[in-house]
1. Using the Cα centre of chain A as the reference point, and only Cβ charges (+1 on K/R, -1 on D/E), how large is the resulting charge dipole? Debye, rounded to the nearest 20.
2. Between the label point of A:Val6 and that of the same position in each other copy, find the distances and list them shortest first in nm, with every label point placed 7 Å from Cα along the Cα-to-C-beta direction.
3. Sort the following peptides by mean Cβ neighbour count (other Cβ atoms within 10 Å, averaged over residues), highest first: A:56-66, A:37-47.
4. Total accessible area buried between chains A and B, 1.4 Å probe, in Å² to the nearest 100?
5. May I ask you to give the percent of accessible area on the range A:3-88 that is carbon plus sulfur, with a probe radius of 1.4 Å?
6. So what is the relative contact order of chain A, in percent, for Cα pairs below 8 Å that sit 6 or more residues apart?
7. Compute the distance from the alpha-carbon center of the range A:25-89 to that of the range B:60-89, in whole Å.
8. Rounded to the nearest 500, what is chain B's calculated 222 nm mean residue ellipticity when only DSSP H runs of at least 4 contribute -39500 (n - 2.57) each, over all residues?
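The values are calculated or read from the model by the stated rules, or taken from the named source; none is laboratory data. As the structure is a prediction and not an experimental result, all values here were calculated from the model. Cβ: placed from backbone, ideal geometry, glycine included. Neighbour counts: every protein chain shown. What goes into the accessible areas is simple: the full protein's heavy atoms, side chains included, and nothing from ligands, DNA or RNA. Shrake-Rupley method; radii C 1.70, N 1.55, O 1.52, S 1.80 Å.
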Number of protein chains: 2
Amino acid sequence: MAEDNVVYIGNKPVMSYVLAVATQLSKANEVIIKSRGRAISRAVDTAEIVRNKFISGLKVKEIQIGTETVKREDGTSMNISSLEITLSK
Amino acid sequence: MAEDNVVYIGNKPVMSYVLAVATQLSKANEVIIKSRGRAISRAVDTAEIVRNKFISGLKVKEIQIGTETVKREDGTSMNISSLEITLSK
């Protein structure tokens, strides 16, 4: 599946995402780390910890920023920033 | 000065950084938005708001992630993630 190599960053401790990314990179050559809003800084932490402590020689292939529109429960919508980091071996 | 076109993101409301970046871009063709730790998501918000609401046609020239070592008051050191976004006209 195309989405198989994506790790979404949420509110768990950063080490759970580090392990998810490292596991993914043991099976594939590339992983995409996706994040939105306040989780963005945790996405950068995840990429940096994997690069510096787990898998050396890893390249930051691409970093993209963007804006997504999210619907609130009351029906109004808000814009939220997103960050995607692609790491490759 | 070389550092003139840098905006450092801190704990102020995002709109103060949006205005700093927009002002900078009225005088120069390029601005570098620098951030560390939890301010990283605010840096992405700043870049996206400037691009989408203030100055259209702005390009994301480069995005870099990194790790900086910071000394705590007790003399120990910690690693902190950093994000730099370069916007250009």
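1. On the way: 13 positive and 10 negative charges, 56 e Å.
Rounded to the nearest 20 debye, it is 280 debye.
2. Output for A:Val6: 3.5 nm, nearest copy listed first.
3. Details: A:56-66: 13.8, A:37-47: 23.8.
Averaged packing, sorted descending, gives the order A:37-47, A:56-66.
4. Working: alone 5940 and 5940 Å², together 10460 Å².
The A and B chains share an interface burying roughly 1400 Å².
5. It is 46 percent, rounded to a whole number.
6. On the way: 147 pairs, mean separation 28.4, N = 89.
Relative contact order comes out at 32 percent.
7. Here the answer is 16 Å between Cα centres.
8. Details: 2 runs with 24 residues, N = 89.
It lands at -8500 deg cm²/dmol.
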